[in-house]
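Q: Sharing a structure below in structure tokens format, with a few things to ask.
The values are calculated or read from the model by the stated rules, or taken from the named source; none is laboratory data. Nothing here was measured: the structure is a model prediction, and the numbers come from that model. So basically every Cβ, Gly included, is an ideal-geometry build from the backbone, and we count neighbours across all protein chains shown. With ligands, DNA and RNA removed, areas are computed over all heavy atoms of the protein, side chains included. Shrake-Rupley method; radii C 1.70, N 1.55, O 1.52, S 1.80 Å.
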Amino acid sequence: MEDYTLPFWIYLLVLTVFVGGAMKKILASHLSTAPTLVAWLGATVLVESLWAFCLPAVLLALLGLICCMYSAKRSGSPSTALPARDKAVFITGCDSGFGNATAKRLDALGFEVFATVLNLSGDGAKELQRTCSARLTLLQVDITQPQQVQQALLDTKAKLGLRGLWGLINNAGVCVNFGDAELSLMSNFRGCMEVNFFGTLTVTKTFLPLLRQAKGRIITVSSPAGDQPFPCLSAYGSSKAALNLFINTLRHELEPWGVQVSIILPSAYKTGHSSNYAYWELQHKQLLQSLSPALLEDYGEDYMNETKDLFQRHASQAAPDVSPVVDTIVQALLAPQPQARYFAGPGVGLMYFIHSYCPFSLSNLFLQKLFLKKKLMPQALRKQSGFDLNLGLHNNNNNNNNNNNNNNNNNNNNNNNNNNEEKLKQL
């Protein structure tokens, strides 16, 4: 021990903090035990190559294995959930999808549910009225209208009395277009921001006093598109990025109040308009009519049709069973110590792992191959490529002609020289 100097111990401390922090992030990625163990072994090899004489690789590998086993045990045996009785929850966007399924599940668990819908006479609202208990209250709320949100607060407080609100589930959201950013209308960007960001912001700020009173939970259903640059989802992704930052900031600010804040990041599911073929056909038709002739000429209608078809194909392959998301929402509501971020559905943890730990080029390739497999380039680029190809062929032909002319001139010169030599010989 006395052989080791002060710089050695400083280096040991820094290395421990670095490796420990990296492993903490990996373990928080909700990956299965095998990929986590592989990550640990990779870190072991790296540390061994840098510092073989100090800390044996076997020790690090053993430590990694113990942590993986502990993580698997912890995920396999969840802690005792809190009781649902006498807890009230407010959920937005319950006409269909995650919100509708969550409202029914929470009602079945014994929560007092306040479910907002856009249309009280719609199929989703009628289904909730038919299948749920008298504890569920339906409220007509457009979250982009502050007056309706304020009225929902008054209605909720009237039923709660002196009690606070245990849970706010920000589920309402919208994706109004799918396509290149230059082809997306400004109204598309504003529409996504109004619902996904400003609407959720309005609801959250309005109900915060009730949540602080109960030391409750805020659970927001967001999207990986808010953290990663999915092609052709710039309007939707930008609104979710703003939402993610707001929620993460709120988590720090509400910690002294005892309010727990979580974000849920689901994979692809069939919800709302995502698999509505007629809706996206109408959106596509309106987009073609609103674009300038010059922009339509540059990109080409066939390029835009391919983008629309790819999105519809991707939506058709989405999972119809939304229960993994509903299960995650219930876990975030009732866990004694909820997590700040949940991945719901297959592939999301792996996607974030690649995005966080792999080189940018690999992460970028993964997103393109996973989400959007375009074959066509914009029309202007295809024309440019054709022009460059024709120009290259034309230059090659010119060079060949010049070479042929040069060869002919050389042959003529050689013939003239031979004739002159014959004349000299005769003389």
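Q: Quick one: putting +1 on the C-beta of Lys and Arg, -1 on the C-beta of Asp and Glu, what dipole do you get for the range 109-198 around its Cα centre, in Debye to the nearest 20?
A: Values: 7 positive and 8 negative charges, 109 e Å.
Dipole about the Cα centre, nearest 20: 520 debye.
Q: In whole Hz, with x marking every Gly and Pro, tabulate ³J(HN,Hα) for the range 102-109 from phi via Karplus 6.51 cos²θ - 1.76 cosθ + 1.60, θ = phi - 60°.
A: After applying 6.51 cos²θ - 1.76 cosθ + 1.60, I find 5, 4, 5, 5, 5, 5, 5, 7 Hz.
Q: Shifting gears a bit: Hey, can you rank 325-337, 141-153, 93-105 by average C-beta count inside 10 Å, highest first?
A: Numbers: 325-337: 19.4, 141-153: 17.3, 93-105: 24.1.
Result, highest mean first: 93-105, 325-337, 141-153.
Q: Around I143, with a cut-off of 13 angstrom between Cβ atoms, what is the net charge of the other residues, counting Lys and Arg +1 and Asp and Glu -1? Before the final figure, lay out each step's value.
A: Values: positive: K205; negative: D95, D142, E194.
Summing Lys and Arg as +1 and Asp and Glu as -1 gives -2.
Q: Per residue, how large is the accessible surface of the range 75-195? Use a 1.4 angstrom probe and give square angstrom.
A: Here the residues of the range 75-195 average 47 Å² of exposed surface.
Q: Check which residues have an amide H placed less than 5 Å from G93's amide H, if you skip close sequence neighbours.
A: Amide H to amide H, under 5 Å and 5 or more residues apart or across chains, G93 pairs with T116, A172.
Q: Accessible area per residue of the range 248-385 at 1.4 Å probe, in Å²?
A: Details: 7520 Å² over 138 residues.
That works out to 55 Å² for each residue.
Q: Name the long-range amide H neighbours of Q140: under 5 Å, sequence gap of 5 or more, or other chain; modelled H, no Pro or chain starts.
A: Excluding prolines and chain starts, which carry no amide H, the hits are V117.
Q: Note down the relative contact order for the range 168-264 as a percent, whole number, built from C-alpha pairs under 8 angstrom at least six residues apart.
A: On the way: 144 pairs, mean separation 34.4, N = 97.
In percent, rounded to a whole number, it is 35.
Q: Between the range 312-369 and the range 234-304, how many Å separate their Cα centres?
A: 16
Q: Quick one: what are the phi-derived ³J(HN,Hα) couplings along the range 344-360, Karplus 6.51/-1.76/1.60 with θ = phi - 60°, whole Hz, x for glycine and proline?
A: 10, x, x, x, 6, x, 5, 4, 5, 5, 5, 5, 8, 10, 8, x, 4
Q: Around T271, under 13 Å between beta carbons, what's the net of Lys plus Arg minus Asp minus Glu among the other residues?
A: Values: positive: K270; negative: D95, D321.
Every neighbour counted, the sum reads -1.
Q: With θ set to phi - 60°, apply the Karplus curve 6.51 cos²θ - 1.76 cosθ + 1.60 along the range 156-167 and write out the HN-Hα couplings as whole Hz, x wherever there is a Gly or Pro.
A: 5, 5, 5, 7, 6, x, 8, 6, x, 9, 6, x
Q: Among S238, V326, A268, whose Cα sits farthest toward the positive end of the charge dipole of the range 216-344 (+1 at Cβ of Lys/Arg, -1 at Cβ of Asp/Glu, about the Cα centre)?
A: With unit charges placed on the Cβ atoms, the residue in question is V326.
Q: Here are some pairs, K240/K375; K87/K205; K104/K369; which of them have Cα atoms lying more than 26 Å apart in this structure? Intermediate values should be presented prior to the final figure.
A: On the way: K240/K375 28 Å; K87/K205 20 Å; K104/K369 36 Å.
With Cα atoms farther than 26 Å apart: K240/K375; K104/K369.
Q: Let me ask something else. Determine the share of the range 133-281's accessible area contributed by carbon and sulfur atoms, expressed in whole percent, with a 1.4 angstrom probe.
A: Details: 3610 of 6320 Å².
Within the range 133-281, the accessible surface is 57 percent carbon and sulfur.
Q: If R0 is 45 Å, what FRET efficiency do you get for F360 and R105 from their C-beta distance, rounded to 0.05? Don't jump to the answer; show the numbers that get you there.
A: Details: r = 39 Å, r/R0 = 0.87.
The pair F360/R105 has a calculated efficiency of 0.70.
Q: Let me ask something else about it. Please give the contour-minus-distance gain from T144 to D321: 0.36 nm per residue of separation, less the Cα-Cα distance, rounded to one decimal in nm. Please report the intermediate quantities before stating the final value.
A: Working: separation 177, 0.36 × 177 = 63.72 nm, distance 2.83 nm.
Gain on stretching T144 to D321: 60.9 nm.
Q: OK, next. Taking a ≥ b ≥ c as the square roots of the Cα gyration tensor eigenvalues, with a/c under 1.5 meaning rounded and otherwise prolate when a/b beats b/c, else oblate, which class fits the range 243-329?
A: Numbers: a/c = 3.87, a/b = 1.89, b/c = 2.05.
Oblate is the answer for the range 243-329, as a/c is 1.5 or above yet b/c matches or exceeds a/b.
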